[in-house]
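Undergrad: There's a structure below that I have some questions on.
The values are calculated or read from the model by the stated rules, or taken from the named source; none is laboratory data. The structure displayed is predicted, hence computed values, not measured ones. Cβ: placed from backbone, ideal geometry, glycine included. Neighbour counts: every protein chain shown. SASA here: full protein model, heavy atoms, side chains in, ligands and nucleic acids out. Shrake-Rupley method; radii C 1.70, N 1.55, O 1.52, S 1.80 Å.
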Amino acid sequence: MKKVKKRALLLVNSKARRGGEAIDALVGRMHRGGLDVTIEPFENLPEIARDIVRLRESADMIILCGGDGTIASGALAVEECGLPLGIMPMGTANDLARTLGIPMDLNEATDVILAGNTRKIDLGSVNGYAFFNVASIGLSANLAQDLNPTLKKRFGRAGYALAAAKVLFKARPFTATIRENGKVITTKTFQIAVGNGRHYGGGNVIEADAEIDDGHLDLYSLEFDRVWKLAGMLRSFRTGTHGAWEEVRTAKSTEFDIETRRPMPVNADGELVTSTPAHFIVHPAAITVFAPPKVGMNAMPAKKPARKTTA
């Protein structure tokens, strides 16, 4: 008896950094692997959810081609339709793929989907907008505002570095109130980040023991007196040990509420989606994704010195 091919709805972002790469060879690989592929191109992020909802009855899985912002934009529609999600990392940072162990090579990423192994992962949301990696207020949001899309696509991470230098030069601290688990603190900070996954910002780690299926969010707040102290912390951000610094406040919770004296933009997975006041919440095991088998847990970090918490 002939095996029935599974139907894949493949959405392609032509504006992603790697979106111009030929898709025909990848689709051919999918066909040979047993998928019947329907290609749906899009140019604007709001189109993604509409396309998924409109075409979900004709698909057995959704495959999103693009960067972290593209994938987050389709997250709520994917959750609603209940179909498994395949990820083709065609963006600049591709932090969700990094967290899940999905290869950056597109042929290998295709093979992950064809292998059929899935896992359930958490989804974060802020004021109803989804994010897989991190949502932040302050420096990262200012960077998203200042980053020219042409610069981002042409120079990739180098474009981020140029824009970041400009943001740091004019950065000023802001006053924020953080509420979680009945505790309230008011502080001056340069940035508050709330992470759902593990990686963000091109390979930084939100917290050394963070996992995308641990059922909670990880918060940090940068409360130093001079923004240039950030330069001394950069290495610790790559390993998720920045919480060891006295000037970094950390917390874990399933929900956070953050208010600022004036409305400030919120950056979720590289896209400005809302503004403060901001309500963050985790949705455990919300999405089924195609990913390599999970191998063990992240190594536990070394014992850290006393640090600030939201208590």
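Undergrad: Condition first: touching a strand residue (DSSP E or B) at 6+ places or on another chain (Cβ under 7 Å), open to solvent by 60 Å² or more (accessible area, probe 1.4 Å) and among the charged types (D, E, K, R). Can you find one or more residues in the range 226-244 that meet it?
TA: Checked against the condition, which is being touching a strand residue (DSSP E or B) at 6+ places or on another chain (Cβ under 7 Å), open to solvent by 60 Å² or more (accessible area, probe 1.4 Å) and among the charged types (D, E, K, R), the range 226-244 yields at least one hit.
Undergrad: Would you point out which residue out of Ile63, Ile87, Ile48 is more than 19 Å from Thr118 (Cβ to Cβ), at pLDDT 95 or above, open to solvent by less than 30 Å² (accessible area, probe 1.4 Å) and β-branched (Val, Ile, Thr)?
TA: Ile48
Undergrad: Which condition number in (1) open to solvent by less than 30 Å² (accessible area, probe 1.4 Å); (2) out of contact with any His (no Cβ under 7 Å at 6 or more places or on another chain) is the one that Leu76 fails?
TA: (1)
Undergrad: Filter the range 16-32 down to the residues that are buried (at least 16 other Cβ atoms within 10 Å of the Cβ) and modelled with pLDDT of 85 or more, then identify the one that is nearest to Ala115 (Cα to Cα).
TA: Taking the range 16-32 as the starting set, the residues that turn out to be buried (at least 16 other Cβ atoms within 10 Å of the Cβ) are 16-19, 23, 26-27, 29-30.
Filter once more, keeping what is modelled with pLDDT of 85 or more: 23, 26-27, 29-30.
Details: Ile23: 19, Leu26: 15, Val27: 15, Arg29: 12, Met30: 11 Å.
Per the stated criteria, the residue is Met30.
Undergrad: Could you tell me which numbered condition Arg54 fails, if it satisfies all but one of (1) out of contact with any Leu (no Cβ under 6 Å at 6 or more places or on another chain); (2) modelled with pLDDT of 95 or more; (3) open to solvent by less than 70 Å² (accessible area, probe 1.4 Å)?
TA: For Arg54, the exception is condition (3).
Undergrad: Shifting gears a bit: Tell me, yes or no, whether the range 224-237 has at least one residue that is modelled with pLDDT of 90 or more, out of contact with any Leu (no Cβ under 9 Å at 6 or more places or on another chain) and charged (D, E, K, R).
TA: no
Undergrad: Can you tell me which residue within the range 104-137, out of those that are hydrophobic (A, V, I, L, M, F, W, C) and outside any strand (DSSP E or B), is nearest to Ile71 (Cα to Cα)?
TA: Phe132
Undergrad: Ser236: without any contact (Cβ under 8 Å) to a residue 12 or more places away in the chain and either in contact with a helix residue (DSSP H, G or I) (Cβ under 7 Å, 6 or more places away or on another chain) or within 17 Å of Ala141 (Cα to Cα) (or both), yes or no?
TA: In short, yes.
Undergrad: Further question: Considering the range 244-258 alone, what residues qualify as being farther than 14 Å from Pro173 by Cα and more than 20 Å from the chain's Cα centre (by Cα)?
TA: Selection gives Ala244, Trp245, Glu246, Arg249.
Undergrad: When the range 94-133 is examined, which residues are found to be open to solvent by 20 Å² or more (accessible area, probe 1.4 Å), under 17 Å from the mean Cα position of the chain (by Cα) and of a type in the set (A, V, I, L, M)?
TA: Met104
Undergrad: Something else: So which residues in the range 237-251 are more than 21 Å from Lys188 (Cβ to Cβ) and among the small types (Gly, Ala, Ser)?
TA: Answer for the range 237-251, where residues must be more than 21 Å from Lys188 (Cβ to Cβ) and among the small types (Gly, Ala, Ser): just Gly240.
Undergrad: Can you tell me which residue in the range 1-15 is least open to solvent (accessible area, probe 1.4 Å), limited to those that are modelled with pLDDT of 60 or more and in a loop (DSSP other than H, G, I, E, B)? Full working, then the answer.
TA: First, the residues of the range 1-15 that are modelled with pLDDT of 60 or more: 2-15.
From what's left, in a loop (DSSP other than H, G, I, E, B): 2-5, 14-15.
Numbers: Lys2: 179, Lys3: 177, Val4: 120, Lys5: 95, Ser14: 58, Lys15: 115 Å².
Among them, the one singled out is Ser14.
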